[in-house]
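Input: a single structure, listed below in structure tokens.
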């Protein structure tokens, strides 16, 4: 990787991926971050990168991935050898409120990126074609819901439940079509639930952390028995980097954290750690704030990933267990209060979404 375009690079996972690249002494190339800067896109996620590498090895373009003319211009100016497509509307609750935004970005945006990447690929020399990669970052939610047993494999049939997962399933199909029809060298990764630094506080883990610190109720959907496999974001980014560098063209790799846990167990664990690290001013345990609320429409019961393929073929395993990763995550939010307080002041105060009202 020398000239890397990262779409959605100011978002949660994209920003962590850019940080990972610049932390790698072997990476001497440049990164072009394309981000529309919707509510979840945050330039402050990359302040340190911009300060050290801005306009030398790091370049930012505030552009929608549906904007064909500007994407074409960026491709022409920077001649990428790698495109890592993180850009997506990603929150299930918001997809219930505004499904068409998800179709526009996740389906039409990915289609635009693929179309223009295909045109660029035709212009490359044979040597350049050998190293070109289009990597698409997707989700385990495209597979639907599991019962009490079983794991999602790369060959599991798609059965999405929400507008979000359906739009991501559509984008995955487009990526495969561009490989089969046009010969574009593509790769897909489907990951389990991510957590870690820079995650926008609409998602469960940062929402619970910030509600604890604000003394607000801790909303738990239904009885909190929905199960997810949790993946520390840095582990995820290392896996993506490995797939781009060593993965087989046209293949899909599932990336999971080997950490199945119910939502209520997560909430209680966060409360316990915060009771230790940042006790409530009133001296009460944070678990007293737990409030059970009406479940989300179409809420899948369980996700669990079989990550045997990436382990067997590329040697990847997650470094963090959930107990180690969640403690690091909580400490990050405690140490970076200004980051999330700025979000609260400008955009989001942890109100519930997805009520379709």
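Listed values, structure above:
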quantity: Sequence ranges 138-145, 54-61, ranked by mean other-Cβ count within 10 angstrom, highest first; calculated: 138-145, 54-61
quantity: P(r) tail fraction, region 1-142 - alpha-carbon pairs more than 20 Å apart, %; calculated: 45
quantity: Nearest-ten-degree value, helix 68-78 long axis tilted from longest Cα axis of the chain; calculated: 70
quantity: Stretch gain in nm, segment residue 123-residue 182, where the contour uses 0.36 nm per residue and the Cα spacing is subtracted; calculated: 19.9 nm
quantity: Among beta bridges that DSSP assigns inside the chain, antiparallel share in %, nearest 5; calculated: 10
quantity: q = 0.11, 0.19, 0.23 Å⁻¹, region 131-247: log10 I(q)/I(0) [Debye, one scatterer per Cα]; calculated: -0.47, -1.18, -1.43
quantity: Degrees between helix 322-335 axis and first principal axis of the chain (Cα, 0 to 90, nearest 10); calculated: 90
quantity: Relative contact order (percent, whole number), region 90-184, Cα cutoff 8 Å, 6+ residue spacing; calculated: 43
quantity: In Å, descending, principal axis extents of the Cα set of the chain; calculated: 66, 45, 42
quantity: Isotropically averaged projected area of region 25-75, using the convex hull of Cα atoms (one quarter of hull area), nm²; calculated: 4.2
quantity: Relative contact order (%) - criterion: Cα under 8 Å, at least six apart; region: region 230-326; calculated: 48
quantity: 69, 126, 97 arranged by Cβ crowding within 10 Å, fewest neighbours leading; calculated: 126, 69, 97
quantity: Mean separation of Cα contacts under 8 Å, 6 or more apart, over the residue count of the chain: relative contact order %; calculated: 18
quantity: Fluctuation leader among 256, 222, 325 - the chain, Gaussian network, Cα springs under 10 angstrom; calculated: 222
quantity: Rounded tilt (10° steps) of 263-277 against the dominant C-alpha axis of the chain; calculated: 70
quantity: Ordering of 297-303, 326-332, 6-12 by burial proxy (mean other Cβ atoms within 10 Å per residue, highest first); calculated: 6-12, 326-332, 297-303
quantity: Region 264-309: translational diffusion in µm²/s, Stokes-Einstein, Kirkwood Rh over Cα pairs, 20 °C, 1.002 mPa s; calculated: 160
quantity: Residue order, fewest to most surrounding Cβ atoms within 10 angstrom, among 108, 1; calculated: 108, 1
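None of the figures in this text is laboratory data; all of them are computed from the coordinates on show. From a predicted model like this one, the values you see are computed outputs, not experimental measurements. Ideal geometry is used to build each Cβ from the backbone, glycine not excepted, and the neighbour counts take in all protein chains shown.
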